[in-house]
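So the structure is just underneath, and the comments pick up after that.
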Amino acid sequence: LTGVLDDCLCDIESIDDFNTFKIFPKIQKLQERDYFRYYKVNLKRPCPFWADDGHCSIKDCHVEPCPESKIPVGIKAGSSNKYSKAANNSKELEDCEQANKLGAVNSTLSNQSKEAFIDWARYDDSQDHFCELDDERSPDAQYVDLLLNPERYTGYKGPSAWRVWNSIYEENCFKPRSVYRPLNPLAPSRGGSCLLVSVCHFSWTGLCLEKRVFYKLISGLHASINLHLCANYLLEETWGKPRWGPNVKEFTRRFDPAETKGEGPRRLKNLYFLYLIELRALSKVAPYFERAVVDLYTGNGHEDAESKALLLDIFRDTKSFHMHFDEKSMFAGDKKGAKSLKEEFRLHFKNISRIMDCVGCDKCRLWGKLQTQGLGTALKILFSEKEIQSLPENSPSKGFQLTRQEIVALVNAFGR
């Protein structure tokens, strides 16, 4: 791929160079740190749109939850918002059992802090979310170590996978006028396909910027998932020892122009577009984390300080990139029309996040939910610029708040 991306003033070569030499090595290190490797997810939520057609029985679809004893005490204690020093100023956190009893509001906090936490909870229940969030208090919600459950090809394919993507594109995506998508799972196919690929031929005529952006984000997310399946593919399994690695043939089948009727490069360009959107969100949310009140709390003071320093270093790099996507051009029409379109945008994306509960393979569901929540968090940030700019320096946030789950999803989705 070469050249300038549509709807951007950015070229692919500049993104490659910036990512390879500045961002990727640091984001990899950040993902390995305790704060970012443990993600709480409910993989048992029923599909809200159609009768469950059964979970994948392939062993590589299985997700191994993390034993309670392995979760850092600062992560599992109390509410999901407890990542600041003020929220964790308690000796009892050294004792796991006692920490669990403290519940959502630490009993040693001042009344003012308690009110702030209640305000956080109220805000989290408001209508700013682009995703359907898991209830972390559900007994079915479990911590997963993302490093031990990597995103890769599991063998999940066929009608179940087809139905998920078909529902996303056909019912929840702003589509170009003419779309050709031979996704019939009963049609003869060549080789395995974990999450079936769409083939599109279309013109953008009549589709406004906002709807083009939405379509390209979903296509980019789809391309990202397919890329990871190709890059971490089960190449052979001898004597119970699987060998995973890049499958060039599968990559060619999904992205080569000759194999995709010329559509493959467009999918990859949409992946670059997705990268730019999430990069922009990271640069915009930097002031939120630069405040002293925000501490990536796990209970290990030395590691927490290193994690925050690395995150702030990444933020500095994101700000140094001179060809960001300009989200100010979106929803810039008349106020009533812009508000209506923004709400339609949000509800479409929220519906897509709910469809992730229909994925039959647990590992695919895990990474689908995480990357969707990460993108939803990025969109929430981009539409909250004024709230972020007016954050108080030394007290919990009013008006804009990220839970630990959203932070973990944002960083890992961008890492993907």
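The values are calculated or read from the model by the stated rules, or taken from the named source; none is laboratory data. In this text the structure is predicted, and so the values were computed from the model without any measurement. A quick note on method: Cβ atoms are made from the backbone with ideal geometry, for glycine too, and the neighbour counts reach across all protein chains shown. Each accessible area value is taken on the protein alone, full model and side chains, heavy atoms only, with ligands, DNA and RNA left out. Shrake-Rupley method; radii C 1.70, N 1.55, O 1.52, S 1.80 Å.
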(request) Inspect region 23-40 for any residue being part of a helix (DSSP H, G or I), out of contact with any Leu (no Cβ under 8 Å at 6 or more places or on another chain) and farther than 21 Å from Gly374 by Cβ and give the result as yes or no. (result) no
(request) Filter the helices (runs of 4 or more DSSP H) completely within region 206-317 down to those with at least 2 residues that are surrounded by fewer than 21 Cβ atoms within 10 Å (Cβ to Cβ) and in contact with a Cys (Cβ under 6 Å, 6 or more places away or on another chain). (result) 248-255
(request) For region 374-404, enumerate the residues that are outside any helix (DSSP H, G or I), open to solvent by 10 Å² or more (accessible area, probe 1.4 Å) and not hydroxyl-bearing (Ser, Thr, Tyr). (result) Phe383, Leu391, Pro392, Glu393, Asn394, Pro396, Lys398, Gly399
(request) May I ask you to list pairs of residues, at least six apart or on different chains, whose Cβ atoms are under 7 Å apart, with the first in region 243-262 being more than 14 Å from Ile225 (Cα to Cα) and the second being surrounded by fewer than 16 Cβ atoms within 10 Å (Cβ to Cβ) and of a type in the set (Ser, Thr, Tyr)? (result) Glu259/Thr252
(request) Report yes if Ser320 is open to solvent by 40 Å² or more (accessible area, probe 1.4 Å), at pLDDT 90 or above and of a type in the set (Ser, Thr, Tyr), otherwise no. (result) yes
(request) Answer yes or no as to whether Gly54 is loosely packed, with under 14 Cβ neighbours inside 10 Å, of a type in the set (Gly, Ala, Ser), touching a helix residue (DSSP H, G or I) at 6+ places or on another chain (Cβ under 9 Å) and at pLDDT 85 or above. (result) no
